[in-house]
Amino acid sequence: MSFQLIEYAEASPEVRAVYEDIMATRKIDWVNNFWKALANHPQTLKRTWESLKEVMGPGQLDPLMKELIYVAVSVTNNCNYCIGSHGAAARKAGMDDSMLGELMAVVAMANETNRLAIGYQVPLDDVFKGAAMESSGS
């Protein structure tokens, strides 16, 4: 199943408003196919754009780190579109071939060890319980 890509000229005023925000926020003069596909359901387009803009905006993680995480998850989910679009964004944010190679090695290793832990049904060590989610007090 595929959806029509809604071009700016054919878009409703509601969709055009989101497209204009995308272009202004990203300082570009075009809207990519992901957003054009989501425009088939304007509420999903708007909700997804607002969420992505918030999550990928300024925070404790720098823009390159966020894009690298996005690429890693996209590789694991086998989303070629997201690998391409966020790979390009990661390159723009400073990722080079060496970083990409190291990222792919981490993704591959995490997938392998995750599957081993799942397959062996390894119980979590007490020392690790909650450790990743605990506050460091800062």
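Per-residue ellipticity at 222 nm computed for the chain from its helices equals -20000 deg cm²/dmol, with DSSP H segments shorter than 4 residues left out and the rest contributing -39,500 (n - 2.57). When chymotrypsin sites (Phe, Trp or Tyr not before Pro) are flagged only if DSSP places them in a loop and at most 16 other Cβ atoms lie within 10 Å, the longest unflagged stretch of the chain comes out as 31-119.
Could you work out the relative contact order of the chain? I mean the mean sequence separation of Cα pairs under 8 Å and 6+ apart, divided by the number of residues, in percent.
Numbers: 70 pairs, mean separation 22.1, N = 138.
Contact order relative to length: 16 percent.
Here the range 1-85 is assigned +1 on the Cβ of each Lys and Arg and -1 on the Cβ of each Asp and Glu. Its dipole about the Cα centre then comes out at about 120 debye. Relative to the longest principal axis of the Cα atoms of the chain, the long axis of helix 97-119 lies at roughly 60 degrees. Charged neighbours of V15, selected by a Cβ distance under 15 Å, balance to -2 (K, R count +1; D, E count -1). Under Stokes-Einstein, with the Kirkwood radius over Cα pairs as Rh, the value for the chain at 10 °C and 1.306 mPa s is 90 µm²/s. Using Cβ point charges alone (K and R +1, D and E -1), the dipole size of the range 61-119 about the Cα centre works out to roughly 180 debye. Comparing D125, D96, D29 in a Gaussian network model of the chain where C-alpha atoms under 10 Å apart are linked, the largest mean-square fluctuation is found at D125. For helix 80-92, what angle does its Cα long axis make with the longest principal axis of the chain, in degrees from 0 to 90 and rounded to 10? It is inclined by approximately 90 degrees. Taking the fewest neighbouring Cβ atoms within 10 Å as the starting point, the ordered list for S2, S85 is S2, S85. Summarised as an ellipsoid, the range 61-119 has semi-axes of 21, 12, 10 Å, derived from the eigenvalues of the Cα gyration tensor scaled by 5 and square-rooted, with the largest first. Using the Cα coordinates of the range 1-57, the gyration tensor eigenvalues translate into equivalent-ellipsoid semi-axes of 17, 13, 10 Å, sorted from longest to shortest.
All of the numbers you see were taken from the coordinates with simple rules; none came from a lab. Because the structure is a prediction, the values reported are computed rather than measured. Here the Cβ is made from the backbone with ideal geometry for all residues, glycine too, and neighbour counts use every protein chain on show.
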